[in-house]
Amino acid sequence: MISYRTICITVIMVSFLASLPAPAAEPELRVGKFSSASLAGWKEQTVFGSKKSTYSFVQDNGKTVLQGKSNDSASGLLYKVDFDPKIYPIIRWSWKIDHTVRKGNERIKDGHDFAARLYVVFPRGLFSHTRAIEYVWGNVLRKGESIRSPYSKNAAMIAVDGGDEQAGHWIVHSRNFADDYRTAFGEDPPKAGAIAIMTDSDNTHESSTGYYGDITLLPLAKEEEPKSKESKQQDTLSK
């Protein structure tokens with residue numbers, strides 16, 4: 001028989017647990033702290049046989065941003081970070097370009113250059129099996145179009161912007177890359193291993209310039225809270 005004392009203790013414990021605050025949502029992960037002029041954790045990634053693009057901090061309307069400049073060159077910056085898309089399925093960033101690559105054509109290798117692009121990388125054992133979701137500012141691709149990279153079927157390119165109509169303006173993007181992965185590859189994404197950015201023009205032998213704001217990984221719950229506000233701001237232009 002359960003004693004009166006046991007019942008009382010149980011009631012007290014239940015009341016105590018009920019009074020505890022709900023667990024806080026998982027915090028966001030700021031992987032690109034460019035507004036603080038920080039490249040901590042970012043490593044240069046060169047492309048064999050190509051000159052290096054340059055990345056430096058500049059002021060843009062009183063804000064610090066990362067500028068990528070390419071002159072017949074190709075190299076990027078990579079930030080290694082292991083995270084589970086089930087916990088952090090959202091990536092948010094901002095960018096702008098001076099102009100698209102004039103002879104750029106992402107459908108073919110000879111035109112595969114971009115003023116701005118961002119990768120979410122998914123290691124899968126052998127390097128040749130590694131997959132990536134590649135968000136690009138399209139040259140010939142229009143906003144919303146997606147194709148496989150001419151270099152690898154394991155890289156799914158998604159044009160979140162396209163053409164020169166919005167060049168010179170900052171654009172904020174928020175993407176559920178886990179959903180983008182499912183759409184591209186037909187299965188749930190494995191754990192991600194890196195975020196990368198790249199401004200290049202080695203295939204077309206031209207010049208290009210892109211600018212990158214902070215890059216943040218977010219839990220789904222945090223993204224849904226300001227959803228109505230975000231939907232109004234996303235893909236809008238600001239000088």
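The values are calculated or read from the model by the stated rules, or taken from the named source; none is laboratory data. Only a predicted model underlies this, so the values are computations on that prediction, with no experimental measurement involved. Here Cβ is always computed from backbone atoms with ideal geometry, including for glycine, and neighbour counts include all displayed protein chains.
Is there a residue being of a type in the set (Ser, Thr, Tyr) and under 13 Å from the mean Cα position of the chain (by Cα) anywhere in the range 134-153? Yes, because at least one residue in the range 134-153 is of a type in the set (Ser, Thr, Tyr) and under 13 Å from the mean Cα position of the chain (by Cα). Selection of the range 70-79 for residues being over 12 Å from Ile197 (Cα atoms) and assigned to a strand (DSSP E or B) yields Ser70, Asn71, Ser73.
Restricting the range 149-202 to residues that are within 25 Å of Phe34 (Cβ to Cβ) and among the β-branched types (Val, Ile, Thr) leaves a set whose member that is surrounded by the fewest Cβ atoms within 10 Å (Cβ to Cβ) is Val172.
Within the option set Ile147, Ile97, being touching a strand residue (DSSP E or B) at 6+ places or on another chain (Cβ under 6 Å), within 20 Å of Ala184 (Cα to Cα) and of a type in the set (A, V, I, L, M) holds for one residue only, Ile147. Here Gly138 meets the list (1) within 26 Å of Ala192 (Cα to Cα); (2) of a type in the set (Gly, Ala, Ser); (3) out of contact with any Gly (no Cβ under 6 Å at 6 or more places or on another chain) almost entirely, failing just condition (3). Being in contact with a helix residue (DSSP H, G or I) (Cβ under 9 Å, 6 or more places away or on another chain), more than 24 Å from His169 (Cα to Cα) and of a type in the set (A, V, I, L, M, F, W, C) is a property that Ile87 has. Note on the range 118-136: residues that are surrounded by fewer than 24 Cβ atoms within 10 Å (Cβ to Cβ) and over 15 Å from Ala178 (Cα atoms) amount to 7. Of everything in the range 44-64 that is assigned to a loop (DSSP other than H, G, I, E, B) and not basic (Lys, Arg), the residue that is modelled with the highest pLDDT is Ser53.
Scanning the range 39-74 for residues that are surrounded by 13 or more Cβ atoms within 10 Å (Cβ to Cβ), of a type in the set (S, T, N, Q) and farther than 19 Å from Lys103 by Cα gives Gln45, Thr46, Thr54, Thr64, Gln67.
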